[in-house]
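The values are calculated or read from the model by the stated rules, or taken from the named source; none is laboratory data. Fair warning: this is a prediction, and the values are worked out from it, not measured in the lab. Counting neighbours? That spans all protein chains shown, and the Cβs are built from the backbone with ideal geometry, glycine included. To get the accessible areas, we keep the full protein, side chains included, count just its heavy atoms, and leave off ligands, DNA and RNA. Shrake-Rupley method; radii C 1.70, N 1.55, O 1.52, S 1.80 Å.
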Amino acid sequence: SKVYRSWDYQPSGRLVFHITDTESYWRVTTEKVERRWRDRKNVSLEEQLVDVFIWLAAAEVRAKDKRLKIEEYRRLEAEEEERRRKAWQRKANSKELKKHFNHLLEAHEKMEKLSVMAEYMVGRDDADNSATRRVVQEVLGYREYLSQNFDAEHFQYVCNTLNLVEEEGLLIDALGSEEPDY
């Protein structure tokens, strides 16, 4: 048989009942839904259980409100991040479109110059010369090659690459916007 007691009836303060919420998000709220009960000399922990359940009823409402605030804040953060991502993508698309337009302008200018050059060479006195005819053919071939930048398939490719079909408004407006680069 045992010669010592396996428990004390005197409160030692070592038995603690601690309840805390697990949701915390420092940007939204620093409020903690938390409470501790411990055995004391005048009141045991078992006698405080009624207080625990009363506190839990009120804490449930506070914890739910806190959770809803955190969820709303996270939803708003996600929406803002999505808005910034779309603005960045729109600005990147507009820069790419501007580069493409500049490329088309250069190609168009070259095409016009090549046309003038071919007309000049055909109008020369030695236009029947085989070397001149060959050069004119090359000039016109190069002009034809450059004109491929202006066909419907190429424009469709540009629209698909830059998502122009899905965009609202003009992308060129995005070039002048003061949105920071991310």
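Descriptive notes on the structure:
- Scanning region 135-163 for residues that are touching a helix residue (DSSP H, G or I) at 6+ places or on another chain (Cβ under 7 Å) and assigned to a loop (DSSP other than H, G, I, E, B) yields a single hit, Asn163.
- Of all residues in region 86-109, none satisfies being modelled with pLDDT of 90 or more, in contact with a strand residue (DSSP E or B) (Cβ under 8 Å, 6 or more places away or on another chain) and assigned to a helix (DSSP H, G or I).
- Enumeration of residues in region 113-132 that are open to solvent by 100 Å² or more (accessible area, probe 1.4 Å) and within 57 Å of the chain's Cα centre (by Cα): Lys113, Glu119, Tyr120
- Of all the residues in region 75-91, those that are within 30 Å of Phe150 (Cα to Cα) and exposed (fewer than 14 other Cβ atoms within 10 Å of the Cβ) number 1.
- Flag set for Glu72, criterion: of a type in the set (D, E, K, R), open to solvent by less than 90 Å² (accessible area, probe 1.4 Å) and modelled with pLDDT of 90 or more.
- Residue in region 48-64 that is over 30 Å from Glu34 (Cβ atoms) and open to solvent by less than 90 Å² (accessible area, probe 1.4 Å) present: no
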